[in-house]
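Scroll down for the structure; my scribbles are underneath it.
The values are calculated or read from the model by the stated rules, or taken from the named source; none is laboratory data. It should be emphasised that the depicted structure is a prediction, and the values quoted were computed from it without experimental measurement. Cβ placement follows ideal geometry from the backbone for every residue including glycine, while neighbour counts extend to all protein chains displayed.
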Amino acid sequence: MPDSLTIPPGSPDSDDSLALRSRAVCRGICRLFARNGIWMIGEMPLRNGRRADLMGIDAKGKIVIVEVKTARSDLLGDGKWPDYLDFCDRFYWGLPPELDRKILESADYRPDCCGVIVADEYDAEIVRPAPSHPLVAARRRVEVERLARTALRRQLVSLDPQCSNWGGDLAG
């Protein structure tokens with residue numbers, strides 16, 4: 001991410017502008033996926049310490065992760081994205097329309113296993129489908145349960161913020 005001390009607020013590469021573009025891209029992708037029965041949540045923590053920008057489940061229980069990039073420097077500087085591949089059946093890059101995506105065709109970005117989605121705040125288009133690399137069933141089960149529990153917790157906390165500090169386990 002650019003240094004916010006050297007980039008004036010409101011410029012196209014300011015932190016505020018990049019955050020707004022990221023939210024817009026996420027919204028468009030979520031709309032596309034929702035129309036196709038894939039339900040996503042944002043900022044999903046993974047067990048390896050990484051955090052997926054968007055993670056969701058399709059109608060067949062397959063896991064999809066989308067890594068959103070809104071600036072060329074962010075895309076070029078991201079060396080952690082392969083760490084997501086062990087947690088999904090399909091992986092996509094999500095980009096705004098104005099970002100040059102040619103770099104994603106290079107071997108470093110493994111086009112053989114990564115799809116590309118171009119999105120704005122209203123909609124999205126899959127410009128390169130993500131091939132399926134099925135997770136082992138036991139791994140998928142664990143990840144689907146984690147995703148479901150995270151989504152349910154977020155929903156409850158949005159209704160009752162006091163619940164955010166509770167973590168007890170009645171099932172145990």
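Just to be sure before I move on: is L147 of a type in the set (A, V, I, L, M, F, W, C), closer than 28 Å to L18 by Cβ, in a helix (DSSP H, G or I) and at pLDDT 95 or above in the structure I sent? Yes, satisfied. Quick one: is S22 touching a Ser or Thr at 6+ places or on another chain (Cβ under 9 Å), under 19 Å from R154 (Cβ atoms), in a helix (DSSP H, G or I) and at pLDDT below 95? So S22 passes the test.
The residue that is modelled with the lowest pLDDT, among those in region 53-70 that are under 11 Å from G94 (Cα atoms) and either aliphatic (A, V, I, L, M) or out of contact with any Phe, Trp or Tyr (no Cβ under 9 Å at 6 or more places or on another chain) (or both), is T70. Considering R141, R101, R153, which residue is touching a strand residue (DSSP E or B) at 6+ places or on another chain (Cβ under 8 Å) and among the charged types (D, E, K, R)? So the residue among R141, R101, R153 that is touching a strand residue (DSSP E or B) at 6+ places or on another chain (Cβ under 8 Å) and among the charged types (D, E, K, R) is R101. Checked against the criterion of being more than 24 Å from A19 (Cβ to Cβ) and of a type in the set (D, E, K, R), the candidates R128, R101, R154, R72 yield just one match: R128. Over 15 Å from I65 (Cβ atoms), under 18 Å from the mean Cα position of the chain (by Cα), at pLDDT below 95 and of a type outside the set (A, V, I, L, M, F, W, C): does that describe G77? So G77 passes the test.
Only one of the numbered conditions (1) closer than 16 Å to V25 by Cβ; (2) free of Cβ contacts under 8 Å to residues at least 40 places away in the same chain is violated by G49, and that is (1).
Quick one: in region 127-165, which of the residues that are of a type in the set (K, R) and touching a residue at least 60 places away in the same chain (Cβ under 8 Å) is nearest to C114 (Cα to Cα)? Going through the qualifying residues, I end up with R140. Listed by first and then second residue, the pairs linking a residue in region 18-32 that is surrounded by 17 or more Cβ atoms within 10 Å (Cβ to Cβ) to a residue that is part of a helix (DSSP H, G or I), with Cβ atoms under 8 Å apart and 6 or more places separating them unless they lie on different chains, are L18/D74.
In this entry, L152 is excluded by the filter for residues that are part of a loop (DSSP other than H, G, I, E, B) and either more than 18 Å from the chain's Cα centre (by Cα) or among the aliphatic types (A, V, I, L, M) (or both). Looking only at region 25-76, count how many residues are part of a loop (DSSP other than H, G, I, E, B), among the hydrophobic types (A, V, I, L, M, F, W, C) and more than 23 Å from R110 (Cβ to Cβ). Here the count works out to 1. Taken together, P111, P97 contain a single residue that is touching a helix residue (DSSP H, G or I) at 6+ places or on another chain (Cβ under 6 Å), without any contact (Cβ under 8 Å) to a residue 40 or more places away in the chain and part of a loop (DSSP other than H, G, I, E, B), which is P111.
Of the residues making up region 40-60, those that are closer than 19 Å to P129 by Cβ, more than 11 Å from the chain's Cα centre (by Cα) and of a type outside the set (D, E) number 3.
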